[in-house]
Amino acid sequence: MSLEQAGAPDVRELLETARALMAKAAWDELAGLGARLPQTLDRHWLSFADSVSFALGQLHRTDEAAALLERAWAVEPTHRRASSLAWLYYSALMRQKRPPRRDEPREPRDREADRRAFTRWIREALSFDPRSVKDLYRLGIYESQIESRRDAAALRAFLRAIRAYRALPLEVRRCRHDLRKPYIRALYGAARSSLRLGRAGDARGFIYICIREDRETHHVEPLHKLFLAGKACTESKRWDEAERAFRLALDAKGPPARDFVYGGLAKLELLRGRLDDARAWVENHVPPPRRSAVLWRLLGDIHARAGRVEEARSAWNNALLKDRGGRHLTLVRLAQLDLAAGRLKDAERQFEKALEFRRRHYVSDDPPALRGLLQAAEARGDAPRAAELRQRLEALDRRAGRGRAA
């Protein structure tokens, strides 16, 4: 029996309507057409179902969109459907990482379920097309931003995306503008992950290529590219290059906030040993109420290097008032002040708090906190405790070595 004989609407007409609504980004109207779908899909309905699912995804109705797409997948598994399903869960996970906009109600989600679903569907997508630039880029972002900075895995995904794009024939790259953006962003991601892995030279190479190839399109904000270039040059001890990149970043296009760039300049001057200049970049350009935990911590480092212990302690205590993601870094610094002053119990308490925070938030031990506890144990003459801490540090070093080898 044909669709017309069964009294079903003409799918071709619905598809034309769907294309028109898609062109206008009329997602509510297009999603509403989903009511016209039959309970059982066959191949005639698949393109229309894909369109409705896309609209539902744009409206952040993730579960409805995924359920419909899975129905289409059951009839005809394709790379595009697997990739779209991965994108739905990727988008849901990314939304959970940022504050909701005023006009965007936060959709309650099961984060672990979304992670499992993304992992399943990105594998399906890459089994169909192992050289999919978009899927490889999203996998890299998932590893580096959604997971706890799994940068070795992220870098592998970004490198695969870069190689896949470059392997495309020139005529394909010229006409597939939709692949250019993930390629450029994969270069940026590779630079960022390389820097986090301590590979400053590689990071510098990737970000310079990103800047050069993204000169006209700005798929990554110039501010962010130049700032990352400044960080990579700082870590490579290319001081003059770093200063030039940071100064260019101050005037580059991008979001209006520039406090983190002043922080980059301050850290650069701290490493150069120009302590007055380092302090001036923060104190003259970022008023105290606006200083982030990172800037307060950096200001404390500058004071500590100059021997101003109480000023350092005050700055680090201010960092703790604002810090959510890096409290262990500040706690270790405060503990080291106590350790240097011979206040072993106070130092050990701070080091333990740093370890607890690191484990709770990043599911890993903190090497500086363990080293501090080892120093305190040795100062107290506690040989068994010192031996235990050395074993933990050796185990961490072995794991870190495996991560660098990856």
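Coordinate-derived values only; no laboratory data. If you're wondering where the values come from, they're calculated on a predicted model, not measured in any experiment. Cβ coordinates were reconstructed from backbone atoms using ideal geometry, including for glycine residues, and neighbour counts include every protein chain displayed.
Observations
- When Glu348, Glu283 are sorted by how many other C-beta atoms sit within 10 angstrom of their C-beta, beginning with the fewest, the order is Glu283, Glu348.
- A Cβ-based charge dipole, computed about the Cα centre of segment 145-265 with Lys and Arg at +1 and Asp and Glu at -1, lands at about 400 debye.
- Between the labelled values (i) 37, 22, 20; (ii) 32, 29, 17; (iii) 48, 25, 21, the entry that holds semi-axes √(5λ) of the Cα gyration tensor in Å as derived from this structure is (iii).
- Averaging Cα coordinates gives a centre for segment 78-95 and one for segment 346-400; these two points are 40 Å apart.
- Annotated for the chain: lysine pairs at least 8 residues apart or interchain, Cα distance under 13 Å, count 5.
- Choice from Pro182, Pro222, Pro288 showing the highest fluctuation, given a GNM over the chain with Cα pairs closer than 10 Å: Pro288
- Once the trypsin sites (Lys or Arg not before Pro) in DSSP loops with at most 10 neighbouring Cβ atoms within 10 Å are cut out of the chain, the longest remaining piece is 103-214.
- Segment 195-246 and segment 150-165: distance between their alpha carbon centers, rounded to Å: 18 Å
- Put a plus charge on the Cβ of each Lys and Arg, a minus charge on the Cβ of each Asp and Glu, and nothing anywhere else: the dipole of segment 5-103 about its Cα centre is then about 520 debye.
- Net charge of the neighbourhood of Asp214, taken over other residues with C-beta under 11 Å away and scored Lys/Arg +1, Asp/Glu -1, is +3.
- Evaluated with a Cβ-only charge set (Lys, Arg +1; Asp, Glu -1), segment 257-323 carries a dipole of roughly 120 debye about its Cα centre, given to the nearest 20.
- Whole-Å distance, taken between Cα centres, linking segment 250-274 and segment 21-77: 47 Å
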